[in-house]
Every structure is written in structure tokens, then in C-alpha cells.
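> Below you'll find the structure I mean.
The values are calculated or read from the model by the stated rules, or taken from the named source; none is laboratory data. Owing to the predicted nature of the structure, the values given are computational and were not obtained by experimental measurement. Here the Cβ positions follow ideal geometry from the backbone for every residue, glycine too, while neighbour counts run over all protein chains shown.
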Amino acid sequence: MRLTTIIIAFLFLPFFIGCSEKNPFGTVYVEGTVTLDGLPIEGVSVTLVPLDPNEQLAAGGTTDASGKFTVTAGGSPAGSGARPGQYGVTFSKIQASRPASYEESVALYGGRQPPITYLIPQHYGNFKTSGMEAITVDTDKRKNKFTFELTSQ
């Protein structure tokens, strides 16, 4: 009987250890919506850049067809969120020209990288120039719903 108890305890030990730390990254769920000129925009990369110089874990996500996104902190599971704190927010959506062949690339661009087309204004790619206010990710995930209204100007 004692051996059976030890075996059962040993078998369930990983389950209890795994449940003891549900979120090793300390992140909380964050979601939001991005619009451009009042309309939802798909494919925008949203990045939360920590304003605390001691915090090095940024978070990011990409908008879907309805402009909605969730963020994931580096190395944590998808949609897990960001650590509580203050963040600058950046937005980008670009399209790179793709030449048909290497020869075409050399002929068109002299061997340099093809040009990038910004599908939303480039100033949104830096939180210092975006004109957007910093956000605060709260420990209460109900407070972590953000709306960002971008303009094409």
C-alpha cells in the first residue's frame, strides 16, 4: 500500500509542479483594435515598447480583418499578453517590392534591397513620432482593451 501511494504521488508530482506557476512570464492579456481613417485595417504590426528602462520584454501582435489584435510577449505563448507597466505603441504595415529574379533585382535596384512601400504613414513606426499617448497595461486584464485610431495624414 505504501509503495502504491509513493508511485501515485510521484506520477502526479509533475502536474502539481506545472500548475504552481501558471504564468512564468508575468504577462496579462492585452487586446485592441486599430483603425485607419475610421475603418478597421488588417495586417498592421502592433508593438508595445516598454518605457521602463529595466523592462526588456516587448510585446506585439498583428491585426486581423476586423482590426483586432492580441499581443504576445517575447518567448511566451501566443496571445499571452504583456507585463504590467507603461508602453509606447508602434504600428507598421509595409510591402516590399519583389523582383522576379536576381538579374531583375540587379537591373532595377543595382543589387540593393528593393524599395519598401509604407501602407500606413511611416511616423507610426516610432512611438516618439506617432503622436499616440503611452498606454498602461494593468494587472486587471479587463482594463487592457485599447483602441487606436490612425489617420493616413
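> Please list, ordered by first then second residue, the pairs with beta carbon atoms under 6 Å, 6 or more apart or interchain, first in the stretch 54-65 and at negative phi and touching a residue at least 12 places away in the same chain (Cβ under 8 Å), second part of a loop (DSSP other than H, G, I, E, B) and surrounded by 16 or more Cβ atoms within 10 Å (Cβ to Cβ).
These pairs meet every condition: L57/R83; A59/V71; G60/V71; G61/V71; T63/V44.
> I'd like to know if the stretch 48-61 contains one or more residues that are of a type in the set (S, T, N, Q) and within 27 Å of P121 (Cβ to Cβ). Lay out the reasoning, then the answer.
Of all residues in the stretch 48-61, those of a type in the set (S, T, N, Q) come to 54, 56.
Going one step further and asking which of them are within 27 Å of P121 (Cβ to Cβ), we end up with none.
The answer is no; no qualifying residue exists.
> Among the residues of the stretch 72-108, write down those that are part of a strand (DSSP E or B) and hydrophobic (A, V, I, L, M, F, W, C). Please lay out each step first, then the result.
Let us first name the residues in the stretch 72-108 that are part of a strand (DSSP E or B), namely 72-73, 81-82, 85-92, 94-96.
Of everything in the stretch 72-108, those that are part of a strand (DSSP E or B) and hydrophobic (A, V, I, L, M, F, W, C) turn out to be A73, A82, V89, F91, I94, A96.
> Another question, if that's okay. Give me the residue from the stretch 123-140 that is more than 16 Å from the chain's Cα centre (by Cα), in contact (Cβ under 8 Å) with a residue 24 or more places away in the chain and closer than 24 Å to T151 by Cα and, out of that set, surrounded by the fewest Cβ atoms within 10 Å (Cβ to Cβ).
The selected residue is K128.
> Please work out which residue is farthest from the chain's Cα centre (by Cα), limiting yourself to the stretch 141-153 and to residues that are part of a loop (DSSP other than H, G, I, E, B) and either β-branched (V, I, T) or surrounded by 12 or more Cβ atoms within 10 Å (Cβ to Cβ) (or both).
As a first pass, look at the stretch 141-153 and keep what is part of a loop (DSSP other than H, G, I, E, B): 144, 151-153.
Next, from what is left, pick out any that are either β-branched (V, I, T) or surrounded by 12 or more Cβ atoms within 10 Å (Cβ to Cβ) (or both): 144, 151.
Working: N144: 14, T151: 21 Å.
Only one residue fits best here, namely T151.
> Out of the residues in the stretch 36-58 meeting the condition of being modelled with pLDDT under 95 and surrounded by 14 or more Cβ atoms within 10 Å (Cβ to Cβ), tell me which one is nearest to the chain's Cα centre (by Cα). Can you show your working first?
Taking the stretch 36-58 first, the residues modelled with pLDDT under 95 are 52-58.
So of that shortlist, the ones also surrounded by 14 or more Cβ atoms within 10 Å (Cβ to Cβ) come out as 55, 57-58.
Working: E55: 15, L57: 11, A58: 8 Å.
Result: A58.
> Quick check on my filter: what residues within the stretch 93-121 are at pLDDT 95 or above and over 24 Å from G81 (Cα atoms)? Talk me through it step by step, then tell me what you get.
Of all residues in the stretch 93-121, those at pLDDT 95 or above come to 93, 120-121.
Those that are at pLDDT 95 or above and over 24 Å from G81 (Cα atoms): I120, P121.
> Of S80, S76, S66, which residue is farther than 21 Å from F25 by Cβ and small (G, A, S)?
Values: S80 fails: farther than 21 Å from F25 by Cβ; S76 fails: farther than 21 Å from F25 by Cβ.
The match here is S66.
> Before we move on, is R112 basic (K, R) and within 17 Å of V49 (Cβ to Cβ)?
Numbers: basic (K, R): yes; within 17 Å of V49 (Cβ to Cβ): no.
Criteria not met by R112.
> Follow-up. Taking E133 as the residue in question, decide whether it is of a type in the set (D, E, K, R), assigned to a strand (DSSP E or B), at negative phi and out of contact with any helix residue (DSSP H, G or I) (no Cβ under 8 Å at 6 or more places or on another chain).
On the way: of a type in the set (D, E, K, R): yes; assigned to a strand (DSSP E or B): no; at negative phi: yes; out of contact with any helix residue (DSSP H, G or I) (no Cβ under 8 Å at 6 or more places or on another chain): yes.
So E133 does not fit the description; no.
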